[in-house]
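Below you'll find the structure, written out as structure tokens, and then a few comments.
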Amino acid sequence: MLGRFYRAAGRLRLAAHVPALLKLAHKCPDLTVAEQALHALGGFCAAAAGSRKHVTGKVLEVCQSLSRRRARWRRLRAPGLRALQRLTGRKLNRVDQFAAWWGHAKTLRDPFAPPGN
């Protein structure tokens, strides 16, 4: 039931939901809830480019922070990377790869354009 709520929050793509979802993903003691929040943030992949760019930067920050906390990151690595993959449209496998790519892509007019365009 709770998973449906978070999937719906991601599909709605309301900017007002982003801070609460980020907080749940980063600090919620229940890892299942944190996982669902990351999945919901990945749902912003269909949002407008400006909103998607903002959410991508914030999810990357959360994943970088989580990666320094080993026990929590072991559980949230897959949902965190999947959210980044959905948001960016890139199949990268590590947070540092996303950080390097995002450092360049966020300066582009359309960071989400397919490679080669």
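Just so it is clear, none of the values below were taken in a lab; they were calculated from the coordinates. Bear in mind the structure is a predicted one, so any value in this text is a computation, not a measurement. With ideal geometry, Cβ positions are generated from the backbone for all residues, glycine too; neighbour counts draw on all protein chains shown.
A few points about this structure:
- Summing +1 for each Lys or Arg and -1 for each Asp or Glu among the other residues whose beta-carbon sits under 15 angstrom from that of Cys28 gives +3.
- Taking label points 7 Å from Cα along the Cα-to-Cβ direction, Ser65 and Arg109 give a separation of 3.4 nm.
- Helix 2-12 and the long axis of the chain differ in direction by around 30°, with both axes built from C-alpha atoms.
- Cα long-axis angle, helix 95-105 against the chain (0 to 90 degrees, to the nearest 10): 40
- At most 16 other Cβ within 10 Å, DSSP loop - trypsin sites (Lys or Arg not before Pro), the range 21-85: Arg68, Arg69
- Given charges at Cβ of Lys, Arg, Asp, Glu: the chain dipole, positive-most of Leu81, Leu60, Ala15: Leu81
- Shape call, the range 2-105: gyration tensor on alpha carbons, a/c limit 1.5: oblate
- Cross-link partners of Lys23 among aspartates and glutamates, defined as those whose alpha carbon lies under 18 angstrom from its own and excluding same-chain residues fewer than eight positions apart: Glu35, Glu61.
- When the Gaussian network model of the chain links Cα atoms closer than 10 Å, the mean-square fluctuations of Gln85, Gln36, Gln97 top out at Gln97.
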